[in-house]
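Asks: Shown below is the structure under consideration.
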Amino acid sequence: MSKTTIGDMTSRLRGLVKAVRQDSFLTDRMLYSLFKKHASLSIKRLDQAKRLTAFASIFESLDYVQLQVIDKVEASACGVAPKSYATIRRTCLPIPVFTEGIYGPMIRSIASLDGSELIKLTTPDEYNYISRSKNFRYNTQRYAWYLNDYLYFPNINWPAVKIEAMVEEDISAFKCDYDQKCEPRQCHSLNVPDFILSEIEAAILKDLTFQLQVPEDDAHDNKNQLR
Amino acid sequence: MASPTLKELKFRRFDELMDEVNLDLSSFAREGMIEPGQLIKVAQRVNYELGLKIHGTKETILEVEHGRSKLPADFYILNHALLCAQYTVVESGLFNGIQSENRVTPIFNPNTVPQLTSCPCWTIVNPQSNTIGFKYIKCDGTETNSSILAGATMKLCATSISNPGSYLEVSTDSFCYNIPATGEISCTIPENCGCNTPDVDTCEAIDADPWHQNRVFTTCDNTMQVNVIEYHSNEVRRYNQFERIQMVPHKEATAFCVNTQFRDACHQGHIQNGYIYVPTMRENGGNGNAKVYICYLGAMEDEDGNLLVLDHPKINEYYEFALKARIFENLYLNGEPDIERRLQMMQTQLKTARAEALSIATMPDFYELKKTIEMNRRAQYHKYMHPFSSLYANTPGWPWSYNNEYI
């Protein structure tokens, strides 16, 4: 089953409001921005209920996110005590915009390139508490945290990692998929669970009803002479 | 001999335990709600509750410099320590170079220790004016004739002595010793107990049970009857002379450590901050450099420093429920909704699993039970039967025993 694309969504909304492509006010961009507004609320609600990560189809995989070593001064500036790591690596490029969940970016998993070792997403403060605990030497779990558009990895010597997340922008550069490079945005996947689409569409329709003053269908008037 | 169950203990890494928990609570694990850093202390607490029995016994030789040496990273509690005084090279290698210590094997030589038997030692006095013959049953069950001169006193080892006319004065208040070199038994502890016996290759390995190991240190001719074999890359050394070190009681060298009882030892040491100190080695012009053999209970870690937990079908449940209960506790305290019932269920399960696990972990082994019964019987014998020895001494079959075990 193919994924729902952004084009599918805008087309369906246009159908609902009986708009045509030539309407200068009702652009695809506007419909998509309305969709994002309502989708973010629904996604946060689902995230709080811990029901999102079960849907693999809404997550995109960034198969090769390159890492680089950063100096300890820079790492300390990120709020991490220097004694708790040997090296700190960071993603070379700012990572793409991820959908925000209730606890931060919606990242399903961060793993080594072969997927054999999982990295746990945490926060700099939480990592501080963990690394300062007496039993830290027994802790073999690898950690990462998200800060200022970068992911930071203490005590990892890998050249790159693999990330599975809900993205809101084009990630073809990270996937090395040059076929998709010139693909229009409308052809990209929507990355929203299908079962909340109707709920989002109803909310968008409610917005548009006021903005566009879409006339409602009249009830059939059997007495009208013009019928 | 160590109890078999101690030798059959299996361990697994904490990561493997976490994998089991993550598998059971897969939805929470997928959401990243299980933090291993919070659960290490729980596994350590369970290890502690299961007791010292689950800790492995390890040995090593420490290089003491200037009266101190760093203890191994996995050191937990000291069983005993010996200052190695002299060694002989058992096997010399074909090449020289950097030596690396690979293995240390202490060997207990049973041939050199006189063992107290349960065979009574009798004192026979002949107050008569003529030589009197009598029969007695040896401790191996054979009946033997003997005689005693007029006015003489003799001692012999026997299960019973027949004294039909009550001409002889017969009494017993001690037990005989076994002479390991000859296999005979004697009323007196032998002065030379066969310590020169060269055949040590047939000796059994030292008992792995820490309690039994402490008992290995029977003194004979002021030498410790323990051989420590140290394997180097180019030679094998056998340490056979040791000096005792009295250890100051400490949480890592408790009263159960045999060294705390060596009050007359010329060396005194203590453990502090991961180091063993023997300051007396620097006295009287000594440079404080020596080798110290230590036998200790290792921490629950493998060679790579990973935390270990016990791997037992029943006790695994205890570990898992303890971890799961802590996971739900933390989630509940952090405000996660709908956790109370799961937490209650886990706590109930944990209680049951804990009781079962502790019943297994604290169950005495067969050999412990056997030893306890033997000790108890001996104590009761000395308390109730021994005072009446003089009354029953002439009774056939006295003392009543079966296979040298008092009944």
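The values are calculated or read from the model by the stated rules, or taken from the named source; none is laboratory data. Since the structure is predicted, the reported quantities are computational estimates derived from the model, not experimental observations. A quick note on method: Cβ atoms are made from the backbone with ideal geometry, for glycine too, and the neighbour counts reach across all protein chains shown.
Asks: Of the residues that sit in region B:9-32 and are more than 8 Å from every other protein chain (Cβ to nearest Cβ) and outside any helix (DSSP H, G or I), which one is nearest to B:Ile360 (Cα to Cα)?
Replies: Checking each candidate, the answer is B:Leu9.
Asks: Consider region B:280-321. How many of its residues are assigned to a helix (DSSP H, G or I) and farther than 22 Å from B:Glu59 by Cα?
Replies: 12
Asks: In addition: Hey, which of the strands (runs of 3 or more DSSP E) in region B:73-192, taking only ones fully inside, have at least 2 residues that are at pLDDT below 75 and aromatic (Phe, Trp, Tyr)?
Replies: Passing ranges, in order: B:169-178.
Asks: Let me ask something else about it. From the list A:Tyr152, A:Tyr146, which residue is under 23 Å from the mean Cα position of the chain (by Cα), among the hydroxyl-bearing types (Ser, Thr, Tyr) and within 14 Å of chain B (Cβ to nearest Cβ)?
Replies: The unique qualifying residue is A:Tyr146.
Asks: Now a separate question. Name the residues in region B:285-332 that are within 14 Å of another protein chain (Cβ to nearest Cβ) and either in contact with a strand residue (DSSP E or B) (Cβ under 7 Å, 6 or more places away or on another chain) or at positive phi (or both), would you?
Replies: Passing the criteria: B:Ala299, B:Met300, B:Glu301, B:Asp302, B:Gly305, B:Asn306, B:Leu307, B:Leu308, B:Val309.
Asks: If I ask for residues that are buried (at least 17 other Cβ atoms within 10 Å of the Cβ) and assigned to a helix (DSSP H, G or I), which ones from region B:51-72 would you list?
Replies: B:Lys53, B:Ile54 - these are the residues of region B:51-72 that are buried (at least 17 other Cβ atoms within 10 Å of the Cβ) and assigned to a helix (DSSP H, G or I).
Asks: Determine whether region B:319-332 contains at least one residue that is hydroxyl-bearing (Ser, Thr, Tyr) and at pLDDT 95 or above.
Replies: yes
Asks: A further question on this structure: When region B:36-49 is examined, which residues are found to be crowded, with 17+ Cβ neighbours inside 10 Å and within 8 Å of chain A (Cβ to nearest Cβ)?
Replies: B:Pro36, B:Gly37, B:Ile40, B:Gln44
Asks: May I ask you to say which residue of A:Ile119, A:Ile110 is within 14 Å of chain B (Cβ to nearest Cβ), assigned to a strand (DSSP E or B) and out of contact with any Leu (no Cβ under 8 Å at 6 or more places or on another chain)?
Replies: Answer to the selection: A:Ile119.
Asks: Of the numbered conditions (1) of a type in the set (Gly, Ala, Ser); (2) in contact (Cβ under 8 Å) with a residue 12 or more places away in the chain; (3) out of contact with any Phe, Trp or Tyr (no Cβ under 6 Å at 6 or more places or on another chain), B:Gly335 fails exactly one; give the number of that condition.
Replies: Going through (1) of a type in the set (Gly, Ala, Ser); (2) in contact (Cβ under 8 Å) with a residue 12 or more places away in the chain; (3) out of contact with any Phe, Trp or Tyr (no Cβ under 6 Å at 6 or more places or on another chain) one by one, B:Gly335 breaks only (2).
Asks: Sticking with this structure for a sec: Somewhere in region A:41-58, is a residue at pLDDT 85 or above, within 14 Å of chain B (Cβ to nearest Cβ) and outside any helix (DSSP H, G or I)?
Replies: no
Asks: Looking only at region B:19-44, count every residue that is more than 35 Å from the chain's Cα centre (by Cα) and of a type in the set (Lys, Arg) and tell me the total.
Replies: Going through region B:19-44 one residue at a time, the tally reaches 1.
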